[in-house]
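Enquirer: Got a structure for you, written out below as structure tokens; questions coming shortly.
Nothing in this text is a laboratory measurement; each read-out follows from the coordinates by a stated rule. As the structure is a computational prediction, the values presented were derived from the model and not from experiment. Cβ: placed from backbone, ideal geometry, glycine included. Neighbour counts: every protein chain shown.
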Amino acid sequence: MKISTLFRVIFVTFCVVCVLGEEVEQQEKGSPVQFEANVKTMLDMLIGSLYTNRDIFLRELISNGSDALDKIRFLYLTKPKEPKADNGDAPTMDIRISSNKEDRTLVMRDGGIGMTKEEMGKNLGTLGTSGTKEFLEKLKESQGDEKLIGQFGVGFYSAFLVADKVRVASKSDDSDKQWVWESRADGSFFLYPDSRGNTLGRGTEITLELRKDADEYLDQDKLKEIVHHYSEFIHFPIYLQIEKKEKVPKKADDSAAEEKKSEEGDVEEKKDDEKKDEEMEEVTTYDWELINENKPIWTRPASEIKEDEYNKFYKALTKDHDDPMYYTHFSAEGEVQFKALLFIPGRAPYNVFDTSTLQANIRLYVRRVFITDEFKDLLPRYLNFIKGVVDSDDLPLHVSRELLQENRILKIIKRKLVRKALGMLQEIADNDKKIEEKKSGDKKDDAESDEDKKDDDDSEDEDKETGGKKQKDILFPKFWDEFGKNMRLGMIEDGSNRARLTKLLRYKSSKSEDKYVSLEDYVERMPESQKAIYFIAAESMEKIKQSPVLNDAIQRDVEVLYMIDAIDEYVVSHVTDFASKKLVNLAKEDPDFETDKDRKKYDKYIKKKYDKLTKWFKDLLGPEKATRVILTKRKTPEAMILSTPTHGVSANMARIMRGQALGDKNQESDAKRTVELNRLHPLVDEVFKRVQADEKDDTAGDIAMVLYDVAALQNGFDVKDTLALSKRMNKLLRASVDIPADAALLDENLSEFDAEIAADGTEEAESSGDDSDSETPEESEKEATSEEEN
């Protein structure tokens with residue numbers, strides 16, 4: 001037997017064994033039993049679980065109408081027709097909504113593709129069946145992929161959220177009759193020819209008999225609000241029937257009017273007006289009002305859109321009265337395709353850091369149908385001031401359209417949005433630089449640095465930049481004043497984009513007090529010998545200028561950045577370096593400006609010479625007041641400077657931490673203190689001489705403690721024992737003017753006071769006797785009488 005034949009025999013034997021095994025297993029289990037389902041209960045559960053907001057029903061019905069219009073438009077590109085209703089009216093490519101308060105019905109009509117009897121029974125009578133999905137499958141087999149909205153077959157049933165009964169009339173080009181589908185969501189439906197005949201010509205009309213608790217959907221303002229919120233940017237026009245009440249003249253017979261005119265003749269003007277009012281009657285008129293006037297401009301090429309259109313769209317989107325500061329319009333291509341339009345407001349809202357505001361800044365659309373604005377993770381918290389829209393054609397959806405099916409897609413969109421948002425901010429900064437160079441006549445190379453290119457090349461997909469605001473004036477200083485705190489927060493929270501954010505940081509400095517500088521500007525003009533980027537953090541510019549450590553840097557011609565925001569030191573702790581230069585806080589212990597080797601040898605000699613003084617200070621102050629005592633290398637007129645260890649909490653940071661509502665009030669203990677002695681100061685030199693002569697010299701101790709407390713106040717630390725400070729100051733002041741330390745208070749001399757009073761009394765009497773303007777007895781009597789009457 002050949003090997004191939006043997007394999008065939010083995011395979012057939014295996015199949016026979018499998019079949020026999022299944023039959024045996026089936027005989028053991030018995031015959032299968034079909035599930036029984038209560039369709040009404042399942043429908044209630046389905047609708048209730050998918051849709052938590054009843055307003056969604058109108059969005060779903062409008063989306064179905066939009067799909068129907070898209071389908072017929074696609075089909076008519078190759079086979080155009082002109083269908084008409086029995087009344088002669090041709091169907092229109094729009095969606096029309098009307099309500100009737102007397103009948104408590106809501107009607108929505110579209111001129112879309114319509115449905116045949118079989119399609120209505122299949123699509124409306126079977127849960128989970130979608131005509132759109134079937135239509136897409138046919139398109140894929142024939143010509144291509146035309147993406148539409150409804151692909152799950154459940155959106156229509158959201159109508160039962162507000163309706164007890166739903167009636168659908170539809171006319172298709174493939175059907176001779178207009179058919180009606182009717183149901184109360186009780187597990188059954190009716191399907192019958194429409195007794196009205198062909199009233200649609202082509203399309204679908206949905207009539208909702210509203211529940212008793214759904215009267216709000218008969219209100220025209222409520223319908224407008226829902227359409228504006230969810231379907232404002234649908235490609236097709238949406239009209240709402242508006243009811244108006246007007247006063248019009250009563251109709252009268254011509255003969256009666258002529259007879260009345262001949263009898264009355266000429267009358268007064270006032271009587272004519274009164275009669276005219278009496279002859280008016282109030283009538284109800286109906287008209288169609290276009291609801292979705294604002295067009296989705298993000299779908300158009302940026303070259304065709306003017307700045308005024310962007311401003312108008314921004315105001316309609318955000319209800320802001322001011323124009324946006326800046327905007328960017330782009331489309332992302334690659335793994336996920338979407339279009340986006342992002343705006344920077346003209347000013348920061350008062351509640352910019354309120355987490356609830358994250359829900360309404362970025363609106364997510366799928367083919368211009370609003371999905372949600374409640375994605376808190378679509379943009380990080382520090383970018384919550386950016387407003388705009390994101391529209392994706394191929395975003396996969398959960399059947400409810402309120403939950404995305406794939407979180408991975410959201411992460412990709414978020415990454416691209418953040419990158420584009422930061423790119424927009426960098427574009428503003430670059431434009432500022434170009435404007436400044438143009439004004440100064442300095443033409444520099446505008447090519448990106450290698451680091452910028454590296455940042456831009458880390459994207460997996462190519463994004464097509466379609467446009468942004470044409471910048472005429474310098475904007476970034478204004479942006480930094482409004483949203484600088486957001487950028488600082490991003491430095492802390494967004495580690496993946498920290499390199500981009502670092503380039504956006506702006507500060508004023510000792511060489512630029514009236515203008516912001518970037519870290520890049522600082523590095524460009526610093527000398528090659530400078531080792532680091534130096535800064536001072538305090539609560540205000542005035543405090544910084546009063547800082548003793550600033551004088552040293554200014555004398556050395558070193559530029560110092562001024563950081564006055566409470567979050568600045570948190571930010572700097574997340575920036576290890578910039579352009580290979582470390583950021584150094586001048587409030588930290590003795591920054592090393594010296595580079596001369598000979599100078600360093602001299603410093604070692606000085607350190608050894610004053611070793612006894614530093615040890616004496618360390619013992620006097622104790623470990624709580626001084627972790628280290630060193631000789632300062634700073635050029636300062638002060639006798640002593642208090643700083644903090646390089647890796648410790650600064651005095652400014654400790655102050656901020658203590659000021660927090662839930663902060664530890666004992667955070668001062670975390671601000672360790674380093675005492676820097678200025679050996680060239682006369683007072684320090686005096687203490688040094690006294691310590692060499694007698695380490696227990698009381699005057700030396702008092703001077704040292706006063707210098708310490710004064711230095712603490714100057715450098716932002718607290719003085720806990722203010723009573724001891726006042727006593728030492730009092731003692732030293734007495735000694736300076738040769739007053740004994742134990743001199744008591746002076747006694748009061750009452751005899752001098754009595755003599756002065758007596759002298760004043762004599763002078764007063766003399767003055768009273770010489771007064772020529774004294775009152776006469778008659779005047780005195782009149783005054784007394786007047787006072788008694790009063």
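Enquirer: May I ask you to evaluate 6.51 cos²θ - 1.76 cosθ + 1.60, the Karplus curve with θ = phi - 60°, for each residue of region 606-620 and list the ³J(HN,Hα) values in order in whole Hz, giving x for glycine and proline?
Expert: Result, ordered by residue: 5, 4, 5, 5, 9, 4, 5, 5, 5, 5, 4, 4, 4, 5, 5 Hz.
Enquirer: Roughly speaking, what % of Cα-Cα pairs in region 509-662 are separated by over 19 Å, rounded to a whole number?
Expert: Of the Cα pairs, 59 percent sit more than 19 Å apart.
Enquirer: Non-local amide H neighbours of Asn384 (under 5 Å, H modeled in plane, Pro and chain starts lacking H): which ones?
Expert: none
Enquirer: On to the next question. Pairs Lys434/Lys470; Lys222/Lys244; Lys689/Lys720; Lys339/Lys470: which are spaced more than 22 Å apart, C-alpha to C-alpha? Show your work: numbers first, answer last.
Expert: On the way: Lys434/Lys470 13 Å; Lys222/Lys244 16 Å; Lys689/Lys720 29 Å; Lys339/Lys470 20 Å.
Those over the limit are Lys689/Lys720.
Enquirer: Related question: Computed over the Cα atoms of region 615-760, what is the ratio Rg over Rh, Rh following Kirkwood?
Expert: Ratio value, two decimals: 1.16.
Enquirer: Counting other beta carbons within 10 Å of each Cβ, put Lys414, Lys171, Lys79 in order, fewest first.
Expert: So the ranking, lowest neighbour count to highest, is Lys79, Lys414, Lys171.
Enquirer: While we're here: Arg734 to Lys224: extension gain in nm, 0.36 nm per residue of separation minus the Cα-Cα distance?
Expert: 175.2 nm is the gain from fully extending Arg734 to Lys224.
Enquirer: Shifting gears a bit: Which entries of Lys588/Lys635; Lys633/Lys696; Lys306/Lys438 show an alpha-carbon separation above 19 angstrom in the structure shown?
Expert: In this structure, Lys633/Lys696; Lys306/Lys438 exceed 19 Å between Cα atoms.
Enquirer: Sequence-distant or interchain residues sharing an amide H contact under 5 Å with Glu589, placed H: which?
Expert: Amide H neighbours of Glu589, under 5 Å, 5+ apart: Thr644, Thr646.
Enquirer: List every residue whose amide H lies under 5 Å from the amide H of Val517, counting only residues 5 or more places away in sequence or on a different chain, with H placed 1.01 Å from N in the peptide plane.
Expert: Amide H to amide H, under 5 Å and 5 or more residues apart or across chains, Val517 pairs with Tyr507, Lys508.
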